[in-house]
Amino acid sequence: MTPTPRETLTSREIASQPAVWREALEWHADRARELLTLPGARVLVLGCGTSAFVAESFAALREQSGFGITDAAYASEPWPWRDYDAVVILSRSGTTTEAIEAMDGLPEGVRTIAVTGVADSPVAERADDVLLLDFADEESVVQTRFPTTFLVLARSAFGEDVSSLPDEADAALARPLGIDTTALEHFVYLGSGWTYGLAQEAALKIREAAQAWAESYPLLDYRHGPLAVADDRSLVWLIGRSEPSLVEDIERTGATVRISTSDPLVELANAQRLAVAIAERRGLDPDSPRHLTRSIVLG
């Protein structure tokens with residue numbers, strides 16, 4: 001079965017999420033509602049890496065909640081300008097070069113809202129408004145609690161009752177993962193709607209922390225090619241809704257299938273735990289992922 005990982009900085013930050021979510025909902029929900037709903041506004045959300053995946057989830061949540069057209073894009077990639085009323089920039093460190101350059105390239109008069117963990121960062125200083133999540137910031141290179149805390153606040157802002165999530169996460173994180181990793185070498189995460197961003201983020205955790213083969217796809221698109229490489233070394237984890245016929249197709253490959261039993265953000269927290277456990281099994285330090293730093297700052 002999955003070994004119990006030694007305590008690392010990353011594992012401590014994963015375990016801290018229920019407490020951080022409680023703090024967010026108690027003290028920052030009103031500010032999040034003020035800055036994130038913007039009823040009727042056309043909003044663009046930008047990020048890099050984890051923040052880009054979270055931007056996708058946020059965009060889907062805001063638009064399906066009826067607050068207005070919401071697009072997500074990579075800050076590092078050109079995007080077509082569509083006369084947005086506001087741009088939300090997600091950057092934990094506030095120092096990411098591509099995020100800063102994206103802000104500097106915005107048309108004049110467009111409202112900018114930074115979501116960051118560092119108050120005096122270049123991204124925060126350039127923004128018209130800041131949703132400061134310094135209490136959720138991390139020391140680890142690998143992001144865990146910062147993105148999940150933002151999405152807890154976003155869901156609350158959009159009118160969802162997420163008050164039970166911290167308790168649900170406490171209970172889930174106290175239970176064993178129940179995944180036998182000894183024969184697993186290939187990890188696939190599937191999501192639908194706003195949880196597709198979470199699936200991408202879960203796969204990124206495996207690549208970052210454990211240097212392992214991880215993929216992510218929209219739920220029903222998995223049949224359209226990627227299923228061909230699934231076998232008895234594969235774990236396919238469905239985050240959010242399931243599809244029985246797809247599960248049957250995956251099981252016929254010999255892959256292990258895991259279906260969500262918890263809220264998608266709790267599932268993501270467990271996926272973070274799995275990444276750390278795989279890193280430990282491979283003799284790696286999840287706090288020091290190869291070739292990565294806390295923020296990409298280009299010279």
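The values are calculated or read from the model by the stated rules, or taken from the named source; none is laboratory data. As the structure is a computational prediction, the values presented were derived from the model and not from experiment. Quick reminder, even Gly has a Cβ in these numbers, built from the backbone with ideal geometry, and neighbours come from all protein chains shown. In case anyone asks, the SASA skips ligands and DNA or RNA and just uses the protein heavy atoms, side chains included. Shrake-Rupley method; radii C 1.70, N 1.55, O 1.52, S 1.80 Å.
Shown here: the stretch 122-191, whose C-alpha atoms stretch 50, 30, 24 Å along the first, second and third principal axes, sorted largest to smallest.
Note on the chain: percent of Cα-Cα distances in each 5 Å bin, starting at 0 and stopping at the bin with the largest distance, equals 1, 5, 12, 16, 19, 17, 13, 9, 5, 2, 0, 0. Show that you can apply the helix-only estimate: for the chain, add -39,500 (n - 2.57) for every DSSP H stretch of four or more residues, divide by all residues, and state [θ] at 222 nm to the nearest 500. One gets -12000 deg cm²/dmol as the mean residue ellipticity at 222 nm. log10 I(q)/I(0), Debye, Cα-only the stretch 5-132, no solvent, q = 0.12, 0.16, 0.23 Å⁻¹? After summing over all Cα pairs, the log10 values are -0.47, -0.81, -1.48. Taking the protein heavy atoms of the stretch 130-280 in the context of the full set of protein chains, the accessible area attributed to carbon and sulfur is 48 percent at 1.4 Å. Distance between the pseudo-spin-label points of E23 and Q64 (7 Å out from Cα toward the beta carbon): 3.0 nm.
If you take the C-alpha gyration tensor of the stretch 159-229, multiply each eigenvalue by 5 and take the square root, what semi-axes do you get, largest first, in whole Å? Numbers along the way, then the final one.
Working: eigenvalues 121, 70, 23 Å².
Equivalent-ellipsoid dimensions as semi-axes: 25, 19, 11 Å.
Calculated FRET efficiency, V247 to F135, Cβ-Cβ distance, R0 = 41 Å: about 0.60 to the nearest 0.05. For the pair R12 and E125, a Förster radius of 25 Å applied to the C-beta separation gives a FRET efficiency near 0.25, rounded to the nearest 0.05.
Go through the stretch 58-158 and name the trypsin sites (Lys or Arg not before Pro) that are in a DSSP coil and have 10 or fewer other Cβ atoms within 10 Å of their Cβ.
Values: sites: R62, R82, R92, R111, R126, R145, R155; in loops: R82, R92.
Listed in order of number, the matching sites are R82.
Any idea what % of Cα-Cα pairs in the stretch 90-167 are farther than 18 Å? The answer is 46 percent, as a whole percent. Please identify the GluC sites (Glu not before Pro) of the stretch 62-121 that satisfy two criteria: DSSP loop assignment and at most 13 other Cβ atoms within 10 Å. Which are they? Of the GluC sites (Glu not before Pro), the ones in loops of the stretch 62-121 whose Cβ has at most 13 other Cβ atoms within 10 Å are E108. Accessible area per residue for the chain, computed on protein heavy atoms with a 1.4 Å probe, is 41 Å². A convex hull fitted around the alpha carbon atoms of the stretch 126-253 yields 165 Å³ per residue.
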